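Just so you know, all these numbers are worked out from the coordinates, no wet-lab data involved. Keep in mind it's a predicted model, so treat the numbers as computed, not measured. In this analysis, Cβ positions are derived from the backbone assuming ideal geometry, glycine residues included, and neighbour counts consider all displayed protein chains.
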Amino acid sequence: MSRTVHLLGRPRIETATGGYQMRSRKSWALLAYLILSERPPTRSQLATLLFDEADDPLGALRWGLSEIRRALGDGVVVEGDPVVLRLGADTVVDADVVTRGAWDDAVRLPSLGSTLLEGLTVRGDSAFDSWLLSEQRRLAAASEEILHEAALAALAQGTYDVAIRYAVQLVAMTPLDENHHALLIRLYRLAGEDDAAQRQLAVCARLLRTQLGTLPGPAVRAAVRETRSTATGTTAAASIEAVLEGGRAAVAAGAMATGADAFRTAVRLADSADDPELQVSSRLVLAEALIHSLRGLDEEGMAALQSADDIALGRADRGAVAEARAEHGYVDMLRARYDRAEVWLTQALHFADGAPLVAAKATAYLGVVRSDQAHYTAARELLERGAVLSRTAGDLRRAAFSLAMLGRLHLLRGELGPAARHLQASLELCEREHLLSYAPWPQALLGEVELIRGDLSAASALLEQAFARACQLRDPCWEGMAARGLALLAESRGQTARAFDLLADADHRSSRLADSYVWLDAYILDARCALGRQHDHPHTDRWTSALERLASRTGMREMTVRASAHRDALDGAGTAGRAALLAADIDNPRLAKLVMTAPAPIVPSPRRALVEEQPGEAPRPATRD
């Protein structure tokens, strides 16, 4: 008998003949924990989390497991220590559909967008409360991404009224997400509802101004300029190819906006000519330019990707489908929508059929997804494979990317030797192959390695050059990472006030566009929290709360642990409580040391005596946008 387990909203179990309602609220909490935990928990962990106040915690746990067996029927297996839960083949869990399923299945769920275990109050250990809040935030974010995918799919099919309905829900769920406003404005423009687009623009501008003190960015401005294609007649394929060639030449010469306009023209001409092959290729090249070259326009790029995907699927063009889904996964990775990124990237590998360029891209991006989530063993294997595949395919930029992300992984784990080797290899590849638009990333990370080693002179040279290059490129991520490193350098020299100023600047730079790398935002926040704790800064509590929300919403496991460690220290709970429990599943010796010992400075200072030498100041931050 088929069953649907509803964990979103008020929990319930539905079957073809009715439903089942478990009597104990803690049984629901136990079931949710078993389903959503990444690895089986031990019985002692479960007893402590949920039944610690009972006279017989393990006995109460056994009763809860028995109720789960009754509720889920003969097909379920709940056994062992650690406790393994295996659901029957005919059992569907709404939370799994939202995080890993197809958008068209998820969007039909009546509970989409509802809170996990809504209305259920459970008196558990504080660690369980932290876990539940984190999962509620993560699943809320996954519901938003489902609505986003549904809106893009409806846009690609030309059903603007349906797409607008989904986009309105998105804006209501997260009114400060500029990308959601940009999508809704674009949809109004395409549907011919210009007045509605202007009203939405006014709403967006007012919200951003009053809540964040900012103005709408490139994504919204581009959406306002969107026009519905009115091209008529046909254009020869050779002419469209010539337009695409002109666009590529402009991008190669650094005229990104000119190139993107040429690609937009090619899309309109291909649609007018009703040439499916050119419809796909023009959209893919437009999406690549918008996502990788013209920063702030990922939303328009994703719309182009979804349209290309739909057309390519209809033509059974597996290579184009793989390309579109790899790029979609990349954007979701940037936005820290890791569950959905994994779906897109896994599908890209399936459709790639061994094509080396797309396989290299999808493998490397999947490695970053795993690394951002602190699944370091899997991440290392994927990034190493991505580097090999990239070199084999002749994609040296992707090889440099994979090597840099391998270096970052080792840096996070405190493995400074391997970190330096991979980052140096990435930087040398960038400089040898003139890939200077990527060089600031490995260079800034290498500067952090040298800083931890205590070589302030080497760290200063690397970080200052990385920052200067990043400002020249006007890349928010590169600027933010380099500015963060300069802040740590300032702190190591005893320039604490300057360190706080540089971290504030790093935060501004990294998030000034709507398509920033969200993991970096968390990385900068973590440094602000650590420095704030060290110097008793009055804003430390606010920074910690922001990191808690961001890390839990996105599923950044290590950042969640770090936020919990900061919170424990601020609340006087010690670092062996919630943070230690959360860190137990993460293979990172450096993190384990953090949560098991007293708080330490964020930058080792073995050469603090060098402060007296009065080294030169870090470069002055460039004018903000």
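Rg and Dmax over the alpha-carbon atoms of the stretch 67-158 stand at 16.1, 52 Å. The equivalent ellipsoid of the stretch 3-137 has semi-axes of 24, 17, 14 Å, largest first, where each one is the square root of 5 times an eigenvalue of the Cα gyration tensor.
Length gained on full extension, residue 535 to residue 350: 61.6 nm, using 0.36 nm per residue less the C-alpha separation. Residues 256, 481 in ascending order of nearby Cβ atoms (within 10 Å, fewest first): 256, 481. Pairs of Cα atoms nearer than 8 Å and 6+ residues apart set the relative contact order; for the chain it is 9 percent.
Projecting the Cα atoms of 40, 5, 30 onto the charge dipole of the stretch 1-120, computed from C-beta unit charges around the Cα centre, puts 5 farthest toward the positive end. FRET efficiency for the pair residue 104 and residue 549, taken as 1/(1 + (r/R0)^6) with r the Cβ-Cβ distance and R0 = 30 Å, rounds to 0.50.
Along the charge dipole of the chain, pointing to its positive end and built from +1/-1 on Cβ of Lys, Arg, Asp and Glu, which listed residue (409, 486, 136) has its Cα farthest out? The listed residue farthest towards the positive side: 486. The modelled label-to-label distance between residue 202 and residue 89, using points 7 Å beyond Cα along the C-beta direction, is 5.9 nm. Residue order for 103, 63, 441, fewest other beta carbons within 10 angstrom first, comes to 63, 103, 441. Would you kindly calculate the translational diffusion coefficient of the chain, applying Stokes-Einstein with the Kirkwood radius from alpha carbon pairs, for 4 °C and a viscosity of 1.567 mPa s, and quote it in µm² s⁻¹ without decimals? Using the Kirkwood radius from Cα pairs, D works out to 50 µm²/s. How much FRET efficiency would the formula 1/(1 + (r/R0)^6) give for residue 293 and residue 62, where r is the Cβ-Cβ distance and R0 is 60 Å, rounded to 0.05? Step by step, r from the Cβ atoms, then E = 0.55.
Of all DSSP beta bridges confined to the stretch 3-137, the antiparallel ones make up roughly 80%.
Take the Cβ-Cβ distance between residue 215 and residue 496 as r, set R0 to 30 Å, and report the resulting FRET efficiency rounded to the nearest 0.05. Here the calculated transfer efficiency is 0.40.
Farthest toward the positive end of the dipole of the chain, out of 184, 282, 247, is the Cα of 184, where the dipole comes from beta carbon charges about the Cα centre. Remark: the stretch 3-137 carries a charge dipole of roughly 220 debye about the Cα centre, counting +1 on each Lys and Arg Cβ and -1 on each Asp and Glu Cβ.
Distance between the pseudo-spin-label points of residue 455 and residue 396 (7 Å out from Cα toward the beta carbon): 2.5 nm. If you place +1 on the Cβ of every Lys and Arg and -1 on the Cβ of every Asp and Glu, how big does the dipole about the Cα centre of the stretch 305-357 come out, in debye to the nearest 20? With only Lys, Arg, Asp and Glu charged at Cβ, the dipole is about 60 debye. Using 0.36 nm per residue and subtracting the Cα-Cα separation, the extra length available between residue 227 and residue 42 on full extension is 60.9 nm.
Computed over the stretch 293-353, the convex hull of the alpha-carbon atoms projects to a mean area of 4.0 nm².
Between residue 421 and residue 592, the contour length at 0.36 nm per residue exceeds the Cα-Cα span by 59.2 nm. Mean projection of the Cα convex hull over all viewing directions, computed for the stretch 222-358: 8.4 nm².
Each stretch of four or more DSSP H residues adds -39500 (n - 2.57); spread over every residue of the chain, this sum gives -22000 deg cm²/dmol at 222 nm. Computed over Cα pairs, the Kirkwood radius of the stretch 482-544 leads via Stokes-Einstein (0.890 mPa s, 25 °C) to a diffusion coefficient of 211 µm² per second. Using Cβ point charges alone (K and R +1, D and E -1), the dipole size of the chain about the Cα centre works out to roughly 760 debye. Spin-label model, residue 241/residue 255: points 7 Å from Cα along the beta carbon direction are separated by 2.3 nm. Computed from Cα atoms alone, the Kirkwood hydrodynamic radius reported for the stretch 353-491 is 14.8 Å.
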